[in-house]
Amino acid sequence: MDSARDRWRFIDTGTLDGAGNMAVDEALLACFEPEESPPVLRLYGWHPPALSLGRYQKAAEVLDLARCAGEGIQVVRRITGGGVIYHAEELTYSIVCAPSHLPRARTVKESFERLCGFLLLTYRKLGLAASFAVEQPRPDVKLGGRAEFCFAGREEYDIVIAGRKIGGNAQRRMKEVIFQHGSIPLLSCVPAALGFLRRTPHGVERSAASLAELGVDVSAAELKLVVAASFQESLGVLLSPDALTDREQTAAETLRTGKYSQPLWNVSGDIS
């Protein structure tokens, strides 16, 4: 616990708009040097609410873009895959690390399981009986099926409580770098999200959950403390509070204006 490898940067960037949040996530990834940089856990929120598309989704096929524009809802594209998410009353995390920071995770699946372990512990500390979806198989739910709306699909290492999926997580692997981010919903975003989708997933309001719906009344500030403690305990590491470096801040500003505020990336489908 005292070695440099066991220390992770802990960055709380507070609430940003959609473009700002996605820009900071990518800046942390772009500035990470596998052999030199300490790994990072970032926590953040969203204000105003925004919709994020999975990297390979076609915005016009999934969303009513005219309604999004009419109601002032920003649409941004993530650098990870998966289905669209409406971000509002939630705590979001992102992780940047090298495979060497996860010594007991040799495969992609193992790294995903390892990096989602702190979420299980977070929910359990809040008094909820959380498990991975793969641990509670249901004959009526297919794991790994693609879904336009994130909360309508279920992956092996999604978190399930009382049979309902809570939050969503996505990972991107690059050479010697692992990037992962995901959400912890305090209040349900599903009803608001459905109004912007072109197709309504069947039964999603009953299959997805938020902390409030599960009887947990916790503020974002309180939740951050539980998440940080669970992260340290789950991974056996020490979090050191930090801020974005000048290089990361500059990269984030460039990405915000040149990429995540531009329709060419967000809705036109140009992911080059």
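Applying the selection to the range 60-83, what residues are of a type in the set (A, V, I, L, M, F, W, C) and out of contact with any Gly (no Cβ under 7 Å at 6 or more places or on another chain)? Outline the logic, then answer.
Pass one, the range 60-83, residues of a type in the set (A, V, I, L, M, F, W, C): 60, 62-63, 65-66, 68-69, 73, 75-76, 79.
Within the range 60-83, 60, 62, 63, 65, 66, 68, 69, 73, 75, 79 meet the criteria.
The residue of the range 20-39 that is nearest to the chain's Cα centre (by Cα), among those that are of a type in the set (A, V, I, L, M, F, W, C) and surrounded by 22 or more Cβ atoms within 10 Å (Cβ to Cβ), is 22. Conditions: (1) of a type in the set (Lys, Arg); (2) assigned to a strand (DSSP E or B); (3) within 22 Å of residue 153 (Cβ to Cβ). Residue 55 meets all but one. Number of the miss? Every condition holds for residue 55 apart from (2). Among the candidates 198, 256, 172, single out the residue that is under 19 Å from the mean Cα position of the chain (by Cα) and within 26 Å of residue 154 (Cβ to Cβ). On inspection, the qualifying residue turns out to be 172.
Could you list all residues from the range 58-81 that are more than 26 Å from residue 153 (Cβ to Cβ) and touching a residue at least 12 places away in the same chain (Cβ under 8 Å)? Answer for the range 58-81, where residues must be more than 26 Å from residue 153 (Cβ to Cβ) and touching a residue at least 12 places away in the same chain (Cβ under 8 Å): just 72. Sort out which residues of the range 208-248 are assigned to a loop (DSSP other than H, G, I, E, B), small (Gly, Ala, Ser), within 17 Å of residue 94 (Cα to Cα) and over 20 Å from the mean Cα position of the chain (by Cα), and write them in order of number. Within the range 208-248, none qualify. How many residues are touching a residue at least 24 places away in the same chain (Cβ under 8 Å), assigned to a helix (DSSP H, G or I) and surrounded by fewer than 15 Cβ atoms within 10 Å (Cβ to Cβ) if we restrict to the range 184-207? Number of matching residues: 1. Please find, among 42, 78, the residue that is among the charged types (D, E, K, R), in contact with a strand residue (DSSP E or B) (Cβ under 8 Å, 6 or more places away or on another chain) and within 16 Å of residue 268 (Cβ to Cβ). Of the residues listed, the single one that is among the charged types (D, E, K, R), in contact with a strand residue (DSSP E or B) (Cβ under 8 Å, 6 or more places away or on another chain) and within 16 Å of residue 268 (Cβ to Cβ) is 78.
If we only count strands (runs of 3 or more DSSP E) wholly inside the range 69-181, which ones have 1 or more residues that are crowded, with 19+ Cβ neighbours inside 10 Å and among the basic types (Lys, Arg)?
On the way: elements: 74-77, 85-87, 90-97, 130-132, 159-161, 164-166, 169-174.
Here the list reads 74-77, 164-166.
For the range 28-44, indicate whether the set of residues that are under 30 Å from residue 64 (Cβ atoms) and touching a residue at least 24 places away in the same chain (Cβ under 8 Å) is non-empty. Walk me through it before giving the result.
Taking the range 28-44 as the starting set, the residues that turn out to be under 30 Å from residue 64 (Cβ atoms) are 44.
From the residues that got through so far, the ones that are touching a residue at least 24 places away in the same chain (Cβ under 8 Å) too are 44.
Checking the range 28-44: at least one residue is under 30 Å from residue 64 (Cβ atoms) and touching a residue at least 24 places away in the same chain (Cβ under 8 Å).
Taking the range 57-99 as the range and being under 24 Å from residue 117 (Cα atoms) and acidic (Asp, Glu) as the test, the residues that pass are 89, 90.
Return the residues of the range 186-213 that are farther than 24 Å from residue 69 by Cα and in contact with a strand residue (DSSP E or B) (Cβ under 7 Å, 6 or more places away or on another chain); say none if nothing qualifies. Full working, then the answer.
Residues of the range 186-213 that are farther than 24 Å from residue 69 by Cα, as a first pass: 186, 202-213.
Scanning the range 186-213 gives 186, 204, 207, 208, 209, 210, 211.
Scanning the range 252-262 for residues that are buried (at least 19 other Cβ atoms within 10 Å of the Cβ) and either modelled with pLDDT under 95 or over 18 Å from residue 14 (Cα atoms) (or both) turns up 255, 260.
Residue 131: hydroxyl-bearing (Ser, Thr, Tyr) and under 29 Å from residue 102 (Cα atoms), yes or no?
Values: hydroxyl-bearing (Ser, Thr, Tyr): yes; under 29 Å from residue 102 (Cα atoms): yes.
So residue 131 fits the description; yes.
Annotation: of all residues in the range 50-68 being touching a helix residue (DSSP H, G or I) at 6+ places or on another chain (Cβ under 7 Å) and surrounded by fewer than 21 Cβ atoms within 10 Å (Cβ to Cβ), the one that is farthest from residue 11 (Cα to Cα) is 65.
The values are calculated or read from the model by the stated rules, or taken from the named source; none is laboratory data. What you see is a predicted model; the values in this text were computed from it and never measured. Glycine also receives a Cβ, built like all others from the backbone with ideal geometry; neighbour counts cover every protein chain displayed.
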